[in-house]
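Undergrad: Here you go, one structure.
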Amino acid sequence: MKVSNNSLLLATATALCALPSAFAAFENITASDFTLKASGYSDVIADLDAVLPVKTVKEVLADTNHKNPTSSPEVKHALAGYTWENKEGYDDVNTDKWYPQGITTSTDADDSGAYDGDVVHLVSWHSDKYDSGKRGARISFVNMNDGADRAYRNVLLVRPTQGGSTPNFEAVSDLHAGGIVWYGNLLYVVSTKEGLLVFDMSHIYEVSTGDGIGRVGENYQAYGYKYVLPQARTYAWQAKDGVSDMRFSFVGLDKTSSPESLVVGEWLPAGNGRVVHWNLDESSRLLEADSNSIATASRAVEHTITNIQGSLTINDKYFLTQSGGSLWTFSWAGGQEEHKDIFSDVPEDLSYQAGYGLWSLMEVPGNRHVVALDVDQF
Ligand SMILES: *[C@@H]1O[C@H](CO)[C@@H](O)[C@H](O)[C@H]1NC(C)=O
């Protein structure tokens, strides 16, 4: 009797010892291994200001040209949803030229929930499968104001090239733009191998109609888009021996951390993925950096979940979307949990908007919706 009790105890003890590693599948790793080098502010922007009309977010919102119909996608615990324009001659729902990826809202941009008085969503799209990715990425500006018809305008992301009296810009070719965060007047966009690109929302330019890019004769064009948003800064990934290069696959804003922080995660088809936090300076709206312009991560974790498409932390709880349609959560106290079949197709980036929910979006042609999840269900 005694012997079998002991072996039962031993078996139980062994099981309990095995439990923590399976339970806490997330592990803290050395945050100081993850650093970015900040560039200065692009001096070409002042030259572009001199030759192009500068437009505000409000002016772009007043000039939306596509509708976002309300939709009820097959998504569990959804509070709201909308989709893109699909009409004769124009189709963002089924196009395979552009794929929606990143999402952020005016709540990320400003604590009031509105930017210059407007409630707005921004959604990034890549063109990796169109013209070999040379058209780069675009941002949908979605008018979410109460009482307004929900509608959007697509704005092309551009990179200033040369300054002077005939300044120029180009498309940000091959930019996957898998995640975005709007913070003050800055839009942070992930560039998979490069790091973070920062665009200045207070220097949106209106250009002429035409399928060229940059300066064309006396005018400027942007592949048919009416507005462009210029890149102003770069935070470049700094490689380190013994640390595999971080993939900048998606990014979210944690407004519950102190200070507020960017949450960058990586998509990997196999192996351990990482989620890394960089603190933000709430007044300059830039990343906290030292006198050498190095921004060092404040937190980093490694996990074993593959094919992650978006990540965010809220009150120290991790939320991760996964290609197969799951939403994973993790907390140090509660461990890791898979919420299966939340999405009926590949979900992407995440952004939390108080009063609306936890926004994500699905990218697959034909089943493209932006949805707010009820965060209390997870
Ligand atoms: C990991 O770090 C976080 C702080 O970022 C801390 O709250 C948590 O307890 C740490 N987990 C472990 C297992 O040490």
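The values are calculated or read from the model by the stated rules, or taken from the named source; none is laboratory data. Every value quoted in this text rests on a predicted model; they were computed, and no experiment measured them. So basically every Cβ, Gly included, is an ideal-geometry build from the backbone, and we count neighbours across all protein chains shown.
Undergrad: Can you tell me which of (1) in contact (Cβ under 8 Å) with a residue 24 or more places away in the chain; (2) out of contact with any helix residue (DSSP H, G or I) (no Cβ under 7 Å at 6 or more places or on another chain); (3) farther than 19 Å from Thr161 by Cα is the one Glu194 doesn't meet?
TA: It fails just one condition, (3).
Undergrad: With the requirement that a residue be touching a Leu at 6+ places or on another chain (Cβ under 7 Å) and closer than 19 Å to Leu358 by Cβ, what does region 289-315 give you?
TA: Hits for region 289-315 are Ile305, Ile308, Gly310, Ser311, Leu312.
Undergrad: Looking for whichever is within 18 Å of Tyr183 (Cα to Cα) and either in contact with a helix residue (DSSP H, G or I) (Cβ under 6 Å, 6 or more places away or on another chain) or away from the ligand (no atom under 16 Å from the Cβ) (or both) here; the options are Ala300, Ala295. Which one fits?
TA: Sole residue among the options that is within 18 Å of Tyr183 (Cα to Cα) and either in contact with a helix residue (DSSP H, G or I) (Cβ under 6 Å, 6 or more places away or on another chain) or away from the ligand (no atom under 16 Å from the Cβ) (or both): Ala295.
Undergrad: Let me ask another. With the checklist (1) outside any strand (DSSP E or B); (2) within 13 Å of the chain's Cα centre (by Cα) in hand, flag the one item Lys97 doesn't pass.
TA: Answer for Lys97: the failing condition is (2).
Undergrad: Find the residue count for region 28-61, including only residues that are exposed (fewer than 13 other Cβ atoms within 10 Å of the Cβ) and either under 25 Å from Tyr152 (Cβ atoms) or within 16 Å of the ligand (Cβ to nearest atom) (or both).
TA: Total meeting the criteria: 4.
Undergrad: State whether the residues of region 337-352 include one that is of a type in the set (Ser, Thr, Tyr), under 15 Å from Val375 (Cα atoms) and more than 16 Å from the ligand (Cβ to nearest atom).
TA: Checking region 337-352: at least one residue is of a type in the set (Ser, Thr, Tyr), under 15 Å from Val375 (Cα atoms) and more than 16 Å from the ligand (Cβ to nearest atom).
Undergrad: Given (1) surrounded by 16 or more Cβ atoms within 10 Å (Cβ to Cβ); (2) at pLDDT below 95, identify the lone condition not met by Glu348.
TA: Single failed check for Glu348: (2).
Undergrad: Additional query: Output the number of residues of region 275-284 satisfying the condition of being under 21 Å from Ala31 (Cα atoms) and surrounded by fewer than 23 Cβ atoms within 10 Å (Cβ to Cβ).
TA: Residues that pass the stated criteria total 4.
Undergrad: Next question, about the same structure. Please enumerate the residues belonging to region 81-94 that are surrounded by fewer than 16 Cβ atoms within 10 Å (Cβ to Cβ), part of a strand (DSSP E or B) and not basic (Lys, Arg).
TA: Matches in region 81-94: Tyr90, Asp91.
Undergrad: Return the pair list, or none, for Cβ contacts closer than 6 Å from residues in region 322-333 that are touching a residue at least 40 places away in the same chain (Cβ under 8 Å) to residues that are assigned to a loop (DSSP other than H, G, I, E, B) and away from the ligand (no atom under 15 Å from the Cβ), at least 6 apart or on different chains.
TA: Leu327/Ile342; Thr329/Phe378
Undergrad: Let me ask something else about it. For region 306-318, which residues satisfy the criterion of being more than 16 Å from the ligand (Cβ to nearest atom) and either crowded, with 21+ Cβ neighbours inside 10 Å or of a type in the set (Asp, Glu) (or both)? Can you show your working first?
TA: Step one: list which residues in region 306-318 are more than 16 Å from the ligand (Cβ to nearest atom), which gives 306-310.
Hits for region 306-318 are Ile308, Gln309, Gly310.
Undergrad: Right, another one. Got a sec? Which strands (runs of 3 or more DSSP E) wholly within region 327-378 have at least 3 residues that are in contact with a helix residue (DSSP H, G or I) (Cβ under 8 Å, 6 or more places away or on another chain) and at negative phi?
TA: In region 327-378, 351-353 are the strands (runs of 3 or more DSSP E) which contain 3 or more residues that are in contact with a helix residue (DSSP H, G or I) (Cβ under 8 Å, 6 or more places away or on another chain) and at negative phi.
Undergrad: Right, next: Going through region 191-223 one residue at a time, which ones are on the phi > 0 side of the Ramachandran plot and in contact with a strand residue (DSSP E or B) (Cβ under 9 Å, 6 or more places away or on another chain)?
TA: Gly195, Gly210, Gly214, Tyr223
Undergrad: Restricting to region 172-201, count the residues that are more than 16 Å from Ala137 (Cα to Cα) and outside any strand (DSSP E or B).
TA: Residues meeting the conditions: 2.
Undergrad: Regarding region 311-322, can at least one residue be identified that is within 19 Å of Val189 (Cα to Cα) and assigned to a loop (DSSP other than H, G, I, E, B)?
TA: No, that holds for no residue.
Undergrad: Output the number of residues of region 100-132 satisfying the condition of being under 16 Å from Pro365 (Cα atoms) and more than 13 Å from the chain's Cα centre (by Cα).
TA: Qualifying residue count, region 100-132: 4.
Undergrad: How about region 202-247: which strands (runs of 3 or more DSSP E) wholly inside it have at least 2 residues that are among the polar types (S, T, N, Q) and at pLDDT 95 or above?
TA: Details: elements: 204-206, 213-216, 219-222, 227-237.
Correct list: 219-222, 227-237.
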